[in-house]
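Below: the structure, in structure tokens.
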Amino acid sequence: MTGYLVRRAGQMVLTLFLIITFAFFLVQAQPGDYATFYALDPDIPPEVKQQLRASFGLDKPLWEQYLIHLKNTVTGDFGVSFGHFPRPVMDVLVERVPRTAVLFLSATVLSFYIGFFLGKAIAWRRGGWLEYTATISGATLFTVFTPAFALMMIWIFAFRLGWLPVGKFLDPLVWRHADVSANYVFGQMLLTAFLFTAFAFLVLYLLKRTGRVGLARWAGPLIAVGGVAALFVWSFSGVGGLALDILKHMVLPIVTLTLISFAGTMLLTRNSMLETVREDYVMAARAKGLPEKMVRDRHAARNALLPVVTSLVYSLVFAIDGSVIIEVVFSWPGTGLTLLQAVRTEDLPLVMGAMVFIGLFSLLAHAIVDVLYVYLDPRIRYQ
Amino acid sequence: MAAKINGPLLKVEDLTLRYLTRGGEVRAVEGVSFELEQGQALGLVGESGCGKTSVANSLMRLLPDNARLAGGQVWLRGEDIFALEEDEVREYRWRRVAMVFQAAMNSLDPVYKVGQQIVEAIEAHEIEGTISAARERVARLFRLVGLDPALMDRYPHEFSGGMRQRAVIAMALSCDPAVIIADEPTTALDVIVQDRILRELKAIQQQLNMAIIYISHDIAVVAEVTDRIGVMYAGHLVEYGNTADVFRAPLHPYTDALLGSFPSVTGERRPLAGLSGEPPNLIDPPAGCPFHPRCPRATQICQEEFPPQAWEGTQWAKCWHPMNAGAEAPSDVELEAASDVGIVEQSAHGEGG
């Protein structure tokens, strides 16, 4: 396993190098460069234009620029964004990436759960009303034209019903007198979510460790107590209202994203499950007198999960580079929007920084899922 | 659960089962009756598709959704198992009747450790209070079936075929069932392992004084380990008796053909007698005796009426013309048989053309 991980890390470094190289030359292959915008301005004298290009380092030969970028990237220096001058690339990314990640991770996890639960339910009881409703609506939402659907969601829930904000990350009126920054509150929210997840896993793990039959039924209530405690702390923290405002802004994009993507997991789970329910070990589980729910979840669905996890990797990568369409429609200041603007203006440092980030994340996601596979399927061993 | 009625441990009476398929109703089991006492071993033999496994699944209350119980009753210790509610069925399975599956190779879930899968059954029936007690029980069972208890924490793919079979037997024993059904318990194994496991299973059965039903297409396998034998053909139990009697002097021509189609290692050298033709289509079975199209002794009456039981001591067969026709067969039947030969041949030619 260790040998495998070392080799795997080596491959990842190589892949990342290729990603950086391709991204650099692809951006450079566009006509013009960042200074072109100024070069077209007739009020700027030619020598100033030349000076401008020189100050960005754009007058150097291509291969030299590439080598400088490579050297800086390796040393962890992502430089200063041209477009957001004088903010460093790292600063821009640290602000944008978590916003996209939270939005898309929530939607991915949500649609994975909904898809998996619906998928296994419709494969277990075939031919019921649930199967038809879920399949037809799921497939329709999966194939619908995303911007139209997103706009429709905004029109219904934000405009007509007025339940949720139309877009953006927060409501300036709520934050006018706030003495903390949005990033601080958002960071605390992320921390809470992380601690709560860790707590839930710990409870499940410890209850399993005790080895007492039947003790596992206390897991649900215990985790609920943890959740209530977290809410209690937040409501007395003084920034609870601000957190709520951010949450409110997250609801509509998350629901929209979940609706358009859950059918993928659902149909995959269903197909995979239709194969596992025919397996002899599922029949054996039933013969052993296990409750139907256990036969379905512990045996049929557990084995059906394996191919579904593979598809999750791609959704995870989606979680960091975001979706330009969704971010534009919901005016969500995330990575997708940032990257698009950076590419269009040839903001080289920002493009490269974002590419390294996205590349690193997707490589890590793949590696994590490969390792996860060992735990999901004991037949898999890496040497 | 104490015995409510004095009587046999397991009593199957007139069990009749249908499968609803697109092609029509499959008459899988037709009026099967037998009894089983504590400590007894019964063998059910017959070709594939003769209804052996359907009988086994009925006893487990483990029938597919398209199955319909068309008649008959099964009592275990005087309790009508088809009257059980859904919750009671779950209690009943494995605790009362457990099964060694036909495909032992695939009846272990690949993603769980073997021991854990047995613990799961013990847990579901609350046989032991704690997981450690359940694990100790599994360790005892492993020793009983000749497996190292250290193998409990291995996955099925790390087991050989024979080891898996032993693990599946340990799993069947895990909840002290009253009856164990072994459905083709050794078919997937090589002959040497097969023989050893059969002998061990028999020893365990005698040691624990369990009732066991062996189901196999291989009459030789069943002969070694059972006291009683039932031969099934096209959903019917066509012959039943003490294993030794049935082997020495089969009454039904089908049993005779089955015995003739297996080689004997120690017996005389003789050509294997195959049985021509195929088992009938159970959606539209032949009228009269279902075996008549393949039967060398068939006569007019075999095509028209289902035969009654012909007895020979404790052994019986459902046949108009049982093999040792000496004792009970009336002479006019033999006369009829002689005169009908021509008709049988004609119809056979007709089918061929």
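The values are calculated or read from the model by the stated rules, or taken from the named source; none is laboratory data. Computed from a predicted model, the values in this text were never measured in an experiment. For neighbour counting, all protein chains shown are included, and Cβ atoms are generated from backbone atoms with ideal geometry for every residue, glycine included. To get the accessible areas, we keep the full protein, side chains included, count just its heavy atoms, and leave off ligands, DNA and RNA. Shrake-Rupley method; radii C 1.70, N 1.55, O 1.52, S 1.80 Å.
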> Which of the lysines could be linked to A:Lys49 by a straight reach, that is with a Cα gap under 29 Å, when you skip same-chain ones fewer than 8 residues away?
Replying inline: A:Lys60, A:Lys71
> GNM, chain A, Cα, under 10 Å: largest mean-square fluctuation among A:Gly162, A:Gly240, A:Gly289?
Replying inline: A:Gly289
>> Apply the a/c threshold of 1.5 to the C-alpha gyration tensor of segment A:46-89 and tell me whether it is rounded, prolate or oblate.
In response: oblate
> Lys/Arg Cβ at +1, Asp/Glu Cβ at -1, dipole of the protein assembly as shown taken about the Cα centre: which of B:Val97, B:Ala167, A:Gln30 is farthest positive-ward?
Replying inline: A:Gln30
>> Sort A:Met12, A:Met273 by heavy-atom solvent-accessible area, probe 1.4 angstrom, most to least.
In response: A:Met12, A:Met273
> Quick one: ranking A:Ser55, A:Ser106 by accessible area, 1.4 Å probe, largest first, what do you get?
Replying inline: A:Ser55, A:Ser106
>> Quick check on segment A:97-333: take the gyration tensor over C-alpha atoms, sort the square-rooted eigenvalues as a ≥ b ≥ c, and tell me if it's rounded (a/c under 1.5), prolate or oblate.
In response: oblate
> Expressed as a rounded percentage, what relative contact order does segment B:25-101 have, with Cα pairs under 8 Å and six or more residues apart?
Replying inline: 26 percent
> Placing +1 at every Lys and Arg Cβ and -1 at every Asp and Glu Cβ, with all other atoms neutral, what dipole size does segment A:36-87 have around its Cα centre, in debye to the nearest 20?
Replying inline: 180 debye
> What nm distance separates the two modelled labels at B:Phe306 and A:Phe236, each placed 7 Å from Cα along Cα→Cβ?
Replying inline: 7.9 nm
> So what is the relative contact order of chain A, in percent, for Cα pairs below 8 Å that sit 6 or more residues apart?
Replying inline: 32 percent
> Can you give me the Cα centroid spacing of segment B:181-221 and segment A:139-218 in angstrom?
Replying inline: 58 Å
> Hey, if we sort A:Val277, A:Val102, A:Val228, A:Val295 by accessible area with the 1.4 Å probe, largest down, what's the order?
Replying inline: A:Val228, A:Val277, A:Val102, A:Val295
> Gaussian network model of chain B, Cα springs within a sub-10 Å range: biggest mean-square fluctuation belongs to which of B:Thr130, B:Thr53, B:Thr187?
Replying inline: B:Thr130
> Using r as the Cβ-Cβ distance of A:Val225 and A:Thr143, and R0 as 60 Å, what FRET efficiency do you calculate, to the nearest 0.05?
Replying inline: 0.90
>> From Cα pairs below 8 angstrom and at least 6 apart in sequence, can you work out the relative contact order of chain B, rounded to a whole percent?
In response: 19 percent
> Once the principal axes of the Cα atoms of chain B are found, what is the range along each, listed largest first in whole angstroms?
Replying inline: 73, 48, 42
> Can you tell which of A:Gly115, A:Met355, A:Leu14 lies farthest toward the positive end of the dipole of chain A, using +1 and -1 charges on the Cβ of basic and acidic side chains (Lys, Arg; Asp, Glu)?
Replying inline: A:Gly115
> Where nothing but the Cβ of Lys and Arg (+1) and of Asp and Glu (-1) is charged, how large is the charge dipole of chain B around its Cα centre, in debye to the nearest 20?
Replying inline: 1080 debye
>> Please compute, for peptide B:88-99, the average count of beta-carbon atoms on other protein chains lying within 10 Å of each residue's beta-carbon.
In response: 3
> Using the membrane-span-like helix rule (whole DSSP H runs, Cα extent along the own axis of at least 27 Å, mean Kyte-Doolittle hydropathy at least 1.6), which helices of chain A qualify?
Replying inline: A:348-376
>> Computing the accessible area with a 1.4 Å probe over protein heavy atoms, can you report the carbon and sulfur percentage for chain A?
In response: 70 percent
>> Tell me the volume per residue, in Å³, of the convex hull enclosing the alpha carbons of the protein assembly as shown.
In response: 251 Å³
>> With a 10 Å cut-off between alpha carbons and a GNM built on chain A, which of A:Ala39, A:Ala178, A:Ala219 moves the most?
In response: A:Ala219
> Once you charge only the Cβ atoms, +1 for Lys and Arg and -1 for Asp and Glu, what is the size of the charge dipole of segment A:97-333 about its Cα centre, to the nearest 20 debye?
Replying inline: 860 debye
> In Å² (nearest 100), what accessible area is buried between A and B, both sides summed, heavy protein atoms only, 1.4 Å probe?
Replying inline: 2400 Å²
